[in-house]
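This report concerns only the one structure given below.
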C-alpha cells in the first residue's frame, strides 16, 4: 500500500514536470488550431443545418424552454409552418427553464451546436447580442408591423439601432392573495408596504406562509425585487447603463423591506415548488404571493375552488406604482447561414396574423402582447376576472425588465441575500455591492 | 449476564442499521403516499397510491433516460474491462523498459479529481467533435486507473504454469492474454463490472455538461430535473421516480452483494 | 543464436506490452493529462466560448488573487474537507469495529443494513435529503418538534446548509469505507489479541496498541481517497442548494462551474481550475509525505 502511494507520488511529480514541458512548447501551435476550431465551431451549426441546398429543404433548429401546455402551442405552431411552406423545415426542441437559462443554451453555442432560432432572457441579452449571436431583425418586419409594437417594448431589444430580438409577451407582476384567508383574519387587501408587512405578519400561521417571495438567487429573484426599488425611483444602474447607481437610500430601503419578510419568518426560505408557481396559494400553503400574469390560467383551471384574487403591488409612503414587465424574446442566431429564413418564421409567428399572438397571450398563458392590434383583438379576454385588475390597475405602471448582464444580476442577488440572512442591513449591503457592480460592468463589457 | 452481553452488540448494530435504512424507508413510503399526505408523520401511508409510479413513468422522460443510462453504462463497463485488463496484464506479467514508470504515471491520475478537469475536459471533448453525442458520454468515462490497478494486482498472482503451457502451445504473448488469462479473470471482472456499472449509472455532472440534447439525458439528470428543473413536480411523484431509478442498483445490490463486498475489499488492501 | 532469440523475444514482449497498454495510455493522456495542460493554456486567454479567444497573459491569475468570492469558496472547500474527512473516517472505523465484534447471523444482516445506502446514488441521496430536511414539512423537524426541540432551517440556513449536505454525503459513504476497514481487521491474526490478552491488554488498549497500528495502511488509503473525493462533492450541492443560501455552500468547484458554464468566462474558470489543481496536488503530496514518514 505504502509502495503504491509512493509510486503514485513519483508519478505525480513526473506528471507536473511533463506538464510544464508541454505548456512550454505548446501555445503557438495549439493557439492556431484552437482558434481555428473555435471560429469553425461558430459557423458549423449553420453549415450543418443547410445541407447542400440542392432543392432540399433548409433545416432550422429552434430551441426554447417551456411548460407542457406552452410546448404544445409551439409544436403546433412549428407543424403549421412546416406544412404551409416548402422552403424550410423547423426542428423544435424544448428544455426546462433551469437548465435552459444556465447551461444548455450557452454550451450549445459554445459546442457549435447552437440553434438558428431561440428564446433569450434579458439577463443573457447583451452577452449574446455582443457575440454576434443575434441577427438584426429590422429588415424582416412586415409592412406596418413595427408601428404596431409598443415603442418601449422594441426599445428594450434595440442595440445600436438594431432590433436584435422580437418581443412577444409582456408578463406583469401582481400581488395574488387568498380572499378567504384575508377575510377570516380581518385583513384588508394591502395597498402600502406597511400594510403588506402587517398583513403578512397576521396571516403567517403554522404551516401557512404570510407572503411567498422567491428565496433563491437567480434572475427571477431579482425580477421580483426590482419593483420595490423602482417604486421609490431607485435604480441599479445609472441612466446610461455605464455606472452603478446602487448605493442609494432607495436601494437600502427596498433591501431592508425585502429582507424583513424572510428574517421574521413571514416568507419561507425554502419552497416546495418554484416561486413562480401559483401552487403555494392553490394548496393553501400561503396567504399571499407576488407572481406574474402567467399564473392566472393555472389558478383558474387547476385551483378553481380556491378563492384567489390579485391586486397591484403595494407601494411605499410617497412612492409611485411600478411593476416589472418581463417576458422572453425570440432571437435569430446571427451566425446562422439562414438568417433570412429563420427571421421569416419568427415574424410569421408573432408579427403577422394577430390571432396567433393572441392565442399565445390568452389561451396558452396569460400575458400582454406588445402589439396594440393584438390587445385590441382580445379586448374581451383582457377584461375577464383577474385579468381586468391587470388591465385596469397594473398595466400602466409596467417597466420593462432591464437587460443587465448576468454578472450584475449576481451581485444584486448577493446583496439581497445578505440582507435576508441578516449579514448586512440594506444600507451596508448597497454600499458593499456598489463597487462590485462597477467591476461586473467592466468585466461584462470586455 | 453473559447472554445479555452477547445480545447487546447485535441489538446496537441493528438499531444503528435501522437508522441507516430510515431515509431509504422514508423515500419508499413517501413514493406511495398521495400528494397531500406525502409529509405525514406516520410509518405507514393511510392510502397506498401505486399510481404514483405510473405517473412518474409516463409524465417524465424516465423511460428514455433509463435506456440511455443502461446503454452508456454497459458500453463503458465492457470496453473498460477489456482495456483495463490489457493494461493490468502488461504491467503485471510482461517485462519491458519503463514498466514502473508507466505504472506510476497511470496511478498518479487517481490524484486528479474529475471536477477539477471538467471544464478543460469539456473543451477538449467538444473540439474532438464528441459533444452532444453518445460517444461524448462514453469515451471520456472509460479511462481510469482503478481498474488497471486492480487487474494488475490480480494478474500478479496468476499461475505461471498456464502461461508456459500457452507458450508451448505456440500462442503469442497477446494470444496468451486474450485466450488464456482474460477468460480466467472472472473473479476480478465480476466485482469490477458491478463497481463500474454503478459508478456510471451514478454519473451526473459529466452528462449535464456534455449533452444539450434532451434525447441524450441520463437517469440522474432526469431526477435532478424533476426535483429542481423549475417546474413543479409533486414530492410523491419525485420520490416514485427516485424509487424507479434506484431499482437497478438495488437489484444489483441484492443479487451481487457478495461480489460488491469483494470488490470493495480489493480496493482497500495491498 | 540463443541470445538473438531471447533478444527478439524480449523485443516482442515489450512490443506486446505497449500494444496492450496503448489504449489506456492514449485515453489517460487525452482525457486526464491533456485537460490539465489545456486548462493552463486556456487560462492565459480571455474567452467566452462564443467569440474567438484573445490573449490575456497572466490577467486571469491577477484577477483571481483579488477575487474574494473565490478565496471564500476555497476556505469553504477546506472547511468541508476538515469536517467531512475525519467524520467519515471515525464513523466508518467505529461501524467496522462494531460489526467486527458482532458474531453469528446478525453480523451479515447488520452489514447489509450499513452498506445499503451505498446503493443510493448521489442525486437520489440529495432528493431524500431535501425531502427529509424541509424546514416546514420535513420529517426531521417533525421529529425534533415531537422530542421537544425547535425546528431547524437546515438547507435554508447559512450556518447549517453545508453541514446538512455533509450529513447526506456521509450517509451514503460510511458503508463502503466500513467494509474496507472490516476486511483489514479480519486479516489481523487472532493470536495477536490472545498474546495481548495474556499481557492484560483488552478492549480499548488492545484496539489502540494492536488494531489501529495494523490498520495504518488502510487508514492512509481511506484518508487520501476521501480527501481528494471531498474536493469534488458537487452533485448534491448542485441539486440541494446550488451554492446558496447566501453562497454558504458555494465550494470551489461550484464557483468554477458557474464561472464556466453560466457566465461563460472560460479563460478565468480555467485559471481557477488550474490553481485548484495545484492546491490539491500540493495537499496530496504533503499528506503522502506525512503519512509515509511516520512509519
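The values are calculated or read from the model by the stated rules, or taken from the named source; none is laboratory data. Predicted, not measured: the structure shown is a model, and the values here were computed from it. Ideal geometry is used to build each Cβ from the backbone, glycine not excepted, and the neighbour counts take in all protein chains shown.
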For this session: Only one of these is surrounded by 22 or more Cβ atoms within 10 Å (Cβ to Cβ) and more than 14 Å from chain C (Cβ to nearest Cβ): A:241, A:292. Name it.
Result: A:292
Exercise. Looking at the stretch C:224-251, which of its residues are within 18 Å of residue B:208 (Cβ to Cβ) and within 9 Å of another protein chain (Cβ to nearest Cβ)?
Worked result: C:232, C:233, C:234, C:235, C:238, C:239, C:240, C:241, C:242, C:243
For this session: Report yes if some residue within the stretch A:195-206 is within 14 Å of another protein chain (Cβ to nearest Cβ) and touching a residue at least 60 places away in the same chain (Cβ under 8 Å); otherwise report no.
Result: yes
Exercise. What residue, of A:319, A:326, is out of contact with any strand residue (DSSP E or B) (no Cβ under 7 Å at 6 or more places or on another chain) and either touching a residue at least 12 places away in the same chain (Cβ under 8 Å) or surrounded by 21 or more Cβ atoms within 10 Å (Cβ to Cβ) (or both)?
Worked result: A:319
Seminar exercise, completed: Of the residues in the stretch C:125-155, those that are in contact (Cβ under 8 Å) with a residue 40 or more places away in the chain, more than 7 Å from every other protein chain (Cβ to nearest Cβ) and more than 17 Å from residue B:40 (Cα to Cα) number 2
Exercise. For the stretch A:397-428, how many residues meet the condition of being surrounded by fewer than 18 Cβ atoms within 10 Å (Cβ to Cβ) and within 21 Å of the chain's Cα centre (by Cα)?
Worked result: 1
For this session: For residues that are crowded, with 24+ Cβ neighbours inside 10 Å and within 19 Å of the chain's Cα centre (by Cα), scanning just the stretch A:129-159, find the one that is nearest to the other protein chains (Cβ to nearest Cβ).
Result: A:133
Exercise. Quick one: is residue C:273 within 30 Å of residue C:56 (Cβ to Cβ) and within 10 Å of another protein chain (Cβ to nearest Cβ)?
Worked result: yes
Exercise. Considering C:89, C:31, which residue is out of contact with any strand residue (DSSP E or B) (no Cβ under 9 Å at 6 or more places or on another chain), assigned to a helix (DSSP H, G or I) and either surrounded by fewer than 15 Cβ atoms within 10 Å (Cβ to Cβ) or in contact (Cβ under 8 Å) with a residue 40 or more places away in the chain (or both)?
Worked result: C:89
Seminar exercise, completed: For residue A:75, the lone unmet condition from (1) crowded, with 20+ Cβ neighbours inside 10 Å; (2) modelled with pLDDT of 75 or more is (1)
For this session: Residue by residue through the stretch C:229-284, note down the ones that are in contact with a strand residue (DSSP E or B) (Cβ under 9 Å, 6 or more places away or on another chain) and either closer than 19 Å to residue C:80 by Cα or part of a loop (DSSP other than H, G, I, E, B) (or both).
Result: C:265
Exercise. If you check A:363, A:376, A:393, which single one turns out to be assigned to a helix (DSSP H, G or I) and closer than 22 Å to residue A:144 by Cβ?
Worked result: A:376
Problem set entry | Candidate set from the stretch C:31-58 (those that are more than 7 Å from every other protein chain (Cβ to nearest Cβ) and under 31 Å from the mean Cα position of the chain (by Cα)); member that is modelled with the lowest pLDDT | C:47
Problem set entry | Scan of the stretch A:93-132 for residues that are farther than 20 Å from residue B:132 by Cα and at pLDDT below 75, ordered by number | A:123
Exercise. Counting just the residues of the stretch B:29-44 that are touching a helix residue (DSSP H, G or I) at 6+ places or on another chain (Cβ under 6 Å) and surrounded by fewer than 18 Cβ atoms within 10 Å (Cβ to Cβ), which one comes out farthest from the other protein chains (Cβ to nearest Cβ)?
Worked result: B:35
Seminar exercise, completed: Over the stretch A:379-390, the set of residues outside any helix (DSSP H, G or I) and touching a residue at least 60 places away in the same chain (Cβ under 8 Å) is A:385
For this session: Note down all Cβ pairs under 7 Å where the first residue falls in the stretch C:99-124 and is within 7 Å of chain B (Cβ to nearest Cβ) and at negative phi, the second is buried (at least 16 other Cβ atoms within 10 Å of the Cβ) and not in a helix (DSSP H, G or I), and they're at least six residues apart or on different chains.
Result: C:110/C:102; C:122/B:204; C:123/B:204
Exercise. Do you know which residues across the stretch B:81-120 are touching a residue at least 12 places away in the same chain (Cβ under 8 Å) and within 17 Å of residue A:104 (Cα to Cα)?
Worked result: B:118
Exercise. Considering only residues of the stretch B:167-205 that are assigned to a loop (DSSP other than H, G, I, E, B) and more than 10 Å from chain C (Cβ to nearest Cβ), which is surrounded by the most Cβ atoms within 10 Å (Cβ to Cβ)?
Worked result: B:171
Exercise. Which fully enclosed helices (runs of 4 or more DSSP H) of the stretch B:64-163 have 1 or more residues being closer than 25 Å to residue C:283 by Cα and more than 11 Å from chain A (Cβ to nearest Cβ)?
Worked result: B:114-127, B:145-156
For this session: Filter the helices (runs of 4 or more DSSP H) completely within the stretch C:130-224 down to those with at least 3 residues that are surrounded by fewer than 20 Cβ atoms within 10 Å (Cβ to Cβ) and at pLDDT below 85.
Result: C:190-198, C:203-206
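Yes/no matrix, rows are residues, columns are (1) more than 9 Å from every other protein chain (Cβ to nearest Cβ); (2) at pLDDT 90 or above; (3) on the phi > 0 side of the Ramachandran plot:
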| residue | (1), (2), (3) |
| --- | --- |
| B:207 | yes, yes, no |
| B:215 | no, no, no |
| B:226 | no, no, no |
| B:232 | no, no, no |
| B:242 | no, yes, no |
Problem set entry | Filter result for the condition that a residue is more than 13 Å from chain B (Cβ to nearest Cβ) and either in contact with a helix residue (DSSP H, G or I) (Cβ under 7 Å, 6 or more places away or on another chain) or in a loop (DSSP other than H, G, I, E, B) (or both), over C:13, C:63 | C:63
For this session: Check the stretch B:61-77 and report whether any residue there is surrounded by fewer than 21 Cβ atoms within 10 Å (Cβ to Cβ) and either modelled with pLDDT under 90 or over 21 Å from the mean Cα position of the chain (by Cα) (or both).
Result: yes
Problem set entry | Boolean, residue A:232 is more than 16 Å from residue A:417 (Cα to Cα) and touching a residue at least 24 places away in the same chain (Cβ under 8 Å) | yes
Seminar exercise, completed: The number of residues in the stretch A:73-83 that are within 14 Å of chain B (Cβ to nearest Cβ) and either touching a helix residue (DSSP H, G or I) at 6+ places or on another chain (Cβ under 8 Å) or part of a loop (DSSP other than H, G, I, E, B) (or both) is 0
